[in-house]
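Q: Shown below is the structure under consideration.
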Amino acid sequence: MDYSKKSLWAFLPNKKSETKPVDVFYVYPTVYAHPFQKKHHHMSMKNPIYLWIAKGMSAWQGQLFARHCNFYAPHYRQLGTESFKMPLPEVMRAERMPYEDVRDAFHYYLEHYNNGRPFILAGHSQGSAMLLQLMRREFSDPFLRKKLVAAYLIGFSLTRRDFKRYPHLRLANTAHDTGVIISYNTTANGLPLMRFIRPDSLCVNPLNWRHDSVYADKSQNDGAVLFQFGKKFKYEVPHYTGAYVDEERGVLMIDDDAAYELYKARWFFKKFLMNRGSLHMLDIALFYKNLERNVGERIAAYLSQPYE
């Protein structure tokens with residue numbers, strides 16, 4: 001697609017607002033759920049409803065990055081929710097189109113918008129899957145690795161095999177290391193795992209930045225932001241839940257009482273955010289304020305490094 005067209009971007013800063021020293025290239029999660037998906041696997045760039053939903057999702061999740069960065073978020077012909085039930089070989093073939101869109105948008109961003117600034121990659125779910133493919137294929141380039149502050153690839157699995165096969169990928173070990181990947185999938189006792197959570201997955205706890213089962217108490221949780229649509233429509237809860245890594249399954253476990261509160265909450269959380277028992281749609285929301293703070297910390301750490 002021709003990413004010189006501004007209509008193909010959910011968000012682009014203008015030159016006057018492009019004032020921060022770091023950019024974020026953000027790819028939104030799956031929003032496409034068309035009643036005729038069996039004939040139309042990919043989201044159309046001409047459907048204003050889905051483009052509007054994508055823009056809203058980008059605004060909600062992306063605010064935590066946009067407060068620190070110049071915010072770039074492309075539209076792309078993503079796969080719809082039907083892909084959760086498609087055979088894996090068919091999914092892999094269908095993923096070529098959205099990946100090529102994200103790749104082309106990233107190259108256009110680098111050439112025409114970046115102006116040599118360091119950048120963050122950020123996504124959720126399908127967005128993270130596309131960015132992981134981009135990092136596997138493109139980030140063996142030392143120039144790109146040098147410019148990368150961090151990659152927040154949340155809501156998709158990274159395995160030990162990924163890091164062995166692609167040695168240029170590195171998992172975060174602290175709150176301040178740079179050029180690394182932050183990745184986790186959230187769940188709770190008794191809840192099913194999403195299909196794309198693969199065996200041998202690795203997971204970073206966004207409360208203590210560990211990969212093991214050491215528990216981080218909810219006092220370490222700066223705040224969950226369960227929804228935020230403007231200043232008046234915001235539900236933020238400090239110290240909502242603690243978390244630890246289930247090392248065997250490679251997922252992030254939240255407190256039982258927090259999961260129960262979500263379960264008994266109003267229909268909005270049950271039907272939409274919890275996605276039939278999964279906490280997938282709350283991956284970012286439950287740790288929103290910690291992620292927001294961490295973005296600032298990693299940027300500060302990156303900018304304090306001596307220039308080479």
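Q: Report the label-to-label distance for Glu236 and Tyr260 in nanometres (one decimal), using points 7 Å from each Cα along the Cα→Cβ vector.
A: It works out to 2.8 nm between the two label points.
Q: Here is the link list: Lys146/Lys218; Lys16/Lys55; Lys6/Lys164; Lys16/Lys146; Lys16/Lys147; Lys46/Lys289. Which ones come out longer than 31 Å on Cα distance?
A: Where the Cα-Cα span goes over 31 Å, the pairs concerned are Lys146/Lys218; Lys6/Lys164; Lys46/Lys289.
Q: Counting only residues 5 or more places away or on other chains, whose amide H sits under 5 Å from the amide H of Gly242 once H atoms are built in the peptide plane?
A: Under 5 Å from the amide H of Gly242: Lys218, Asp255.
Q: Starting from the Cα gyration tensor of the stretch 131-218, take the square roots of the eigenvalues, sort them a ≥ b ≥ c, and report rounded, prolate or oblate (rounded when a/c is under 1.5, otherwise prolate if a/b is larger than b/c, else oblate).
A: oblate
Q: Given the Cα-Cα distance of Asn47 and Ser4 and 0.36 nm per residue of separation, how much length would full extension add, in nm?
A: Gain on stretching Asn47 to Ser4: 13.6 nm.
Q: Going by the alpha-carbon gyration tensor, a ≥ b ≥ c the square roots of its eigenvalues, is the stretch 109-156 rounded (a/c under 1.5) or, if a/c is not under 1.5, prolate (a/b greater than b/c) versus oblate?
A: Details: a/c = 1.99, a/b = 1.62, b/c = 1.23.
Prolate shape, in that a/c is at least 1.5 and a/b is the bigger ratio.
Q: In debye to the nearest 20, how big a dipole does the stretch 120-160 give about its Cα centre with +1 on each Lys and Arg Cβ and -1 on each Asp and Glu Cβ? Numbers along the way, then the final one.
A: Details: 6 positive and 2 negative charges, 27 e Å.
With only Lys, Arg, Asp and Glu charged at Cβ, the dipole is about 140 debye.
Q: For Leu144, what accessible area in Å² do you get when you roll a 1.4 Å probe over the heavy atoms of the protein chains, rounding to the nearest 10?
A: 10
Q: Something else about it: Which residues' amide hydrogens lie under 5 Å from the amide hydrogen of Thr159, considering only partners 5 or more residues apart or on another chain, with H built in the peptide plane?
A: Those qualifying (amide H under 5 Å, at least 5 residues apart or on another chain) are Leu202.
Q: Turning to a different aspect of this structure: What does a probe at Ser304 reach in the stretch 142-174, counting residues whose amide N is under 15 Å from the point 7 Å along Cα→Cβ?
A: 174
Q: Roll a 1.4 Å probe over the protein chains and send me the accessible area per residue for the stretch 108-154 in Å².
A: On a per-residue basis, the stretch 108-154 sits at 32 Å².
Q: So how much slack lies between Gln63 and His176, counting 0.36 nm per residue of separation and subtracting their Cα-Cα distance, in nm? Kindly include the intermediate steps, with their values, before the conclusion.
A: On the way: separation 113, 0.36 × 113 = 40.68 nm, distance 2.04 nm.
Contour length minus the Cα-Cα distance gives 38.6 nm.
The values are calculated or read from the model by the stated rules, or taken from the named source; none is laboratory data. Because the structure is a prediction, the values reported are computed rather than measured. Neighbour counts are summed over all protein chains in view; Cβ atoms, including those assigned to glycine, are modelled from backbone coordinates with ideal geometry. Just the protein is used for accessible areas: all its heavy atoms, side chains included, with ligands, DNA and RNA removed. Shrake-Rupley method; radii C 1.70, N 1.55, O 1.52, S 1.80 Å.
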